[in-house]
Every structure is written in structure tokens, then in C-alpha cells.
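The values are calculated or read from the model by the stated rules, or taken from the named source; none is laboratory data. Just so you know, these numbers come straight off a predicted model, no measurement behind them. No Cβ is skipped: glycine too gets one built from the backbone with ideal geometry, and neighbour counts run over all protein chains shown.
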Amino acid sequence: MKIFDATLNQLERSLDVRLLRHNLLSANVANSDTPGFRPKDLDFTAAMASVENHTQNSATLQAVTTVPGQMDLGGVPIGSASPQDAQLSPKDLPVVDIPSNNASLDGNTVDLDRTMVAMAENALQYGASARAASRKLAILKYVVSDGN
Amino acid sequence: MRTEMDLAFAKINGLDGAERSIEQSPKSPNAAAFAGELDRAIGEVDKLQVEADQQAARVASGGGNLHEMALALEKADVGMRLAVRVRNKVVETYNEIMRMGV
Amino acid sequence: MGMDFLTALHVSGTALSAERVRVNLASSNLANAETTRDANGNMYRRLDPVFEAMPLGDASEISPNATGPMGVRVSRIVADSGEGRKVYSPGHPDADADGFVTFPDVNPVHEVVNLLSASRSYEANATALETLKQMAARGLDITR
């Protein structure tokens, strides 16, 4: 029986991508004084889209056939590995150099303030996705326990 | 149908039975009204789940509005709780009626 | 790899260490701006850290084109190898035959700016760490 729907999967993926973006931004902050360092970031919406494609491609390869008589509620079978189990790595995502006009004398182009703002926004959105996932699961839990 | 909805109602043989027998009983205009009302209520709850999912999907893909999503999720939660409560009550009542015999 | 909380923790951790080195060196330079003779009888030489990006994660990631998250480290500390500043001060105990004293080539203004900049970076990295902790808490809250 499948009970976890596509939206939950999407929320899970968004958490992964947000964490990855935090790592990138952290690296930029860490290297704000490193000579010649070029900061990197990823376009979240584009990254999610590319993860979506990645997932769907592997999902079609592992199509789950429905056994006659089994209830098909959509979603991923419990206990089976989800198609997107292949570890997401920065290599798979559109990570780009942040364009900049003002390099300091040593070639470093990290804009610390902008980076910190991006990091704050990213963390906020991460929290929102986590909340949404938590709520959806809470609804499921309530239903599964028959309201007890 | 949303998966939570399916889960809630697919498990309920009682409700299934209740609805069927009500629909089949002759000369009961109230039965049809009741079944219709039930359908409508289920539809409402379903809409709330769908809206919540859409809001969540929007935030997950990078856009969306955080407080809209939060409100939609809470409404879906409340709606589902109400539906489960109602379902439990209906099943309970149906069983009682069946026990009474006629 | 770049996917976990521990990596991000490590990234910020390396930055805090590196900036602390920078603060310590700037403090040392300031304190010794006038040190003409140390314990070995030599003039103090200004110390500067050299920062270098350090790829974290598995060894296969270490390449010039590594896309994984980068920490930072102080690759080496460079001692100033210059001549120092010569100041005419005949009465000074360390004056040479011509009455000149050689002071370390330390510009206090420069060092203070260094200190402030290092402090700012340290704060930013501490904030990054705090942000990560908050995210981790939110992530775990899913189980509540």
C-alpha cells in the first residue's frame, strides 16, 4: 500500500537542495578572505527542476507494477527505496560562479553581506519545507490512528 | 482523490455499507439527501487537501507564500480531523441502528 | 559529501579557526610594533597569514575544479623579510653605529583594519554556524 504522495517527495527533495545551497554559501563566507576565491551559488528553482527530471528518469526505469486487488493510492510504496535514492551531489546541480564587478586587490569577489542575506533566506525556506512535511505527516498520522 | 482521503475512507467498510444500504432503501428521500450531503462534505475536505498540497509544492519549488502555505496546511488538517470525527460518528450510529433491529 | 550537516559544520569550523589565526597575528603585530629586540636578540618581523581554500569531503573531490563545498585554511604564515624602518634615535640602546634604530615594518593602522576585518569575518562565520544549527533543529522537528 502506498501512502506517501508526490508532494511529500517534492518537499523532501527541496530540503536536500536547500541544505546543499547552505553548504555552498557557507563555503563562500568561509573564504571571504581567501585570495582569488570565486564564490558559488545555485539557482534554487532551476536546481529543483533539474532534480525533478533526474527523479522522473530514474522513476520510469523502476516503474512499480500494481498487483491486482492491491489498492493503488498513488505515491511510493512503503519500505521500497525511493527512486531518488542516488545521492544528490553538487555535480548534478546547476552550481554557478556568482558574477561580480568588484574584486578586492587579492582577487576575492565574495560579497559578504549579500551572501549572509541569501543564507538567511535559504534557511527560512528550509524551515518552511520542513514544517510543511511535518504537517502533512501529522495529517496522515491522525488518519492512520482513526482519530485516536 | 488525495492519498490521505483515500486512506481515511478506503479503510471504512462500515461507512461503505451504511451509504449503500441507505441508498438502496425504498421511499427515503432523506437517504438521498444524506448521501448527497456526504459527497459534498468529502469534496470539501478533498479540496482543502489539494490546496494544501499545491501551496506546499509552490514553496518546495522555490516560490510560494509562506503564510498562505501555513494557513492552507492548517485548514487541511482541521478539515481532515473533522472528516474523521464525522466518519467515526456515522459508523457508530450506523452500527447502533443495525444493532437495534427492526 | 556536500549533502550533510557535518560538512557545513566543518566548513564554518575551518573558517573560525583561520580567522582566529588572523586575529592572533594582527594582535601580535600590534603588540610588537616597536620590538627591536626579541628573546634571541632579533628584530620582530611582521607575521601575515596566507589563506587558502580547502576542499572538504572525499579525496576524489580534491581537484582545481572541485565543485564540493570549500573550507579554508592558513596554508602558511609569512614573516616579513624586509629591511624594517630605520629611525634616527642615537640615544636608543639598540641604535647602530650611525645612530639609527631598525623597527619592525608594522603599520598599526593596517593591523587594526586587519583585526576589524577578521572580526567581521569571524562573526559572519559564527552566524553561518548558528543558521546551520537552526536548520538542523527544524529538520529534526519533523519527527515531532
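As an exercise: evaluate residue C:113 against (1) within 12 Å of chain A (Cβ to nearest Cβ); (2) in a helix (DSSP H, G or I) and give the number of the one condition it does not meet.
(1)
Residue check: is residue C:101 surrounded by 13 or more Cβ atoms within 10 Å (Cβ to Cβ), over 30 Å from residue A:126 (Cβ atoms), in contact with a strand residue (DSSP E or B) (Cβ under 9 Å, 6 or more places away or on another chain) and within 12 Å of chain A (Cβ to nearest Cβ)?
no
Does region C:110-119 hold any residues that are surrounded by fewer than 14 Cβ atoms within 10 Å (Cβ to Cβ) and more than 23 Å from residue C:38 (Cβ to Cβ), and which are they?
Hits for region C:110-119 are C:113, C:116.
Has region C:9-18 got at least one residue that is out of contact with any helix residue (DSSP H, G or I) (no Cβ under 7 Å at 6 or more places or on another chain), more than 14 Å from chain A (Cβ to nearest Cβ), surrounded by fewer than 22 Cβ atoms within 10 Å (Cβ to Cβ) and not aromatic (Phe, Trp, Tyr)?
Looking for residues that are out of contact with any helix residue (DSSP H, G or I) (no Cβ under 7 Å at 6 or more places or on another chain), more than 14 Å from chain A (Cβ to nearest Cβ), surrounded by fewer than 22 Cβ atoms within 10 Å (Cβ to Cβ) and not aromatic (Phe, Trp, Tyr), one finds none in region C:9-18, hence no.
For region C:1-110, list the strands (runs of 3 or more DSSP E) that sit wholly inside it and hold at least 1 residues that are of a type in the set (S, T, N, Q) and at pLDDT below 85; which are they? Show your work before the answer.
Numbers: elements: C:47-55, C:70-79, C:85-88, C:100-103.
Once the strands (runs of 3 or more DSSP E) in region C:1-110 are filtered for at least 1 residues that are of a type in the set (S, T, N, Q) and at pLDDT below 85, nothing remains.
Name every residue in region B:62-95 that is at the interface with another protein chain (Cβ under 8 Å from one of its Cβ atoms) and among the β-branched types (Val, Ile, Thr), in order of residue number.
Result: B:84, single match.
Is it true that residue C:114 is touching a residue at least 40 places away in the same chain (Cβ under 8 Å) and of a type outside the set (Val, Ile, Thr)? Break it down stepwise before answering.
Numbers: touching a residue at least 40 places away in the same chain (Cβ under 8 Å): yes; of a type outside the set (Val, Ile, Thr): yes.
So residue C:114 passes the test.
Going through C:105, C:141 one at a time, which residue ends up being acidic (Asp, Glu), without any contact (Cβ under 8 Å) to a residue 12 or more places away in the chain and touching a Gly at 6+ places or on another chain (Cβ under 9 Å)?
Every option except C:141 fails the conditions.
Tally up the residues in region B:41-71 that are among the polar types (S, T, N, Q), part of a helix (DSSP H, G or I) and surrounded by fewer than 18 Cβ atoms within 10 Å (Cβ to Cβ), please.
Kept after step one, since they are among the polar types (S, T, N, Q), are these residues of region B:41-71: B:49, B:54-55, B:61, B:65.
Now narrow it down to the ones that are part of a helix (DSSP H, G or I): B:49, B:54-55.
Within this subset, residues satisfying the condition of being surrounded by fewer than 18 Cβ atoms within 10 Å (Cβ to Cβ) are B:54.
Residues flagged as among the polar types (S, T, N, Q), part of a helix (DSSP H, G or I) and surrounded by fewer than 18 Cβ atoms within 10 Å (Cβ to Cβ) within region B:41-71 amount to 1.
Take region A:136-148 and flag every residue that is assigned to a helix (DSSP H, G or I), more than 18 Å from the chain's Cα centre (by Cα) and facing chain B (nearest Cβ under 8 Å).
Within region A:136-148, A:138, A:139, A:140, A:142, A:143, A:144 meet the criteria.
Pick from B:4, B:74, B:23, B:19: which is assigned to a helix (DSSP H, G or I), modelled with pLDDT under 90 and under 25 Å from residue A:127 (Cα atoms)? Talk me through it step by step, then tell me what you get.
Working: B:74 fails: modelled with pLDDT under 90; B:23 fails: under 25 Å from residue A:127 (Cα atoms); B:19 fails: under 25 Å from residue A:127 (Cα atoms).
The match here is B:4.
Could you please tell me which pairs satisfy a Cβ distance under 7 Å, a separation of 6+ or placement on different chains, a first residue in region B:70-86 that is under 11 Å from residue A:142 (Cβ atoms), and a second residue that is among the hydroxyl-bearing types (Ser, Thr, Tyr)?
Close Cβ pairs (under 7 Å, with a partner that is among the hydroxyl-bearing types (Ser, Thr, Tyr)) amount to B:80/A:142; B:81/A:142; B:84/A:142.
For region A:97-123, name all the residues that are buried (at least 16 other Cβ atoms within 10 Å of the Cβ), assigned to a helix (DSSP H, G or I) and more than 7 Å from every other protein chain (Cβ to nearest Cβ).
Within region A:97-123, A:115, A:118, A:122 qualify.
Working only within region A:1-50, note down all residues that are outside any helix (DSSP H, G or I), within 7 Å of another protein chain (Cβ to nearest Cβ) and either in contact with a strand residue (DSSP E or B) (Cβ under 8 Å, 6 or more places away or on another chain) or surrounded by 24 or more Cβ atoms within 10 Å (Cβ to Cβ) (or both).
Of the residues in region A:1-50, the ones outside any helix (DSSP H, G or I) are A:1-5, A:31-43.
Still in the list and also within 7 Å of another protein chain (Cβ to nearest Cβ): A:3, A:5, A:31-35, A:37.
Those that are outside any helix (DSSP H, G or I), within 7 Å of another protein chain (Cβ to nearest Cβ) and either in contact with a strand residue (DSSP E or B) (Cβ under 8 Å, 6 or more places away or on another chain) or surrounded by 24 or more Cβ atoms within 10 Å (Cβ to Cβ) (or both): A:31, A:32, A:33, A:34, A:35, A:37.
For the structure I just gave you, tell me whether residue C:127 is at pLDDT 95 or above and either surrounded by 11 or more Cβ atoms within 10 Å (Cβ to Cβ) or within 15 Å of the chain's Cα centre (by Cα) (or both).
On the way: at pLDDT 95 or above: yes; either surrounded by 11 or more Cβ atoms within 10 Å (Cβ to Cβ) or within 15 Å of the chain's Cα centre (by Cα) (or both): yes.
In short, yes.
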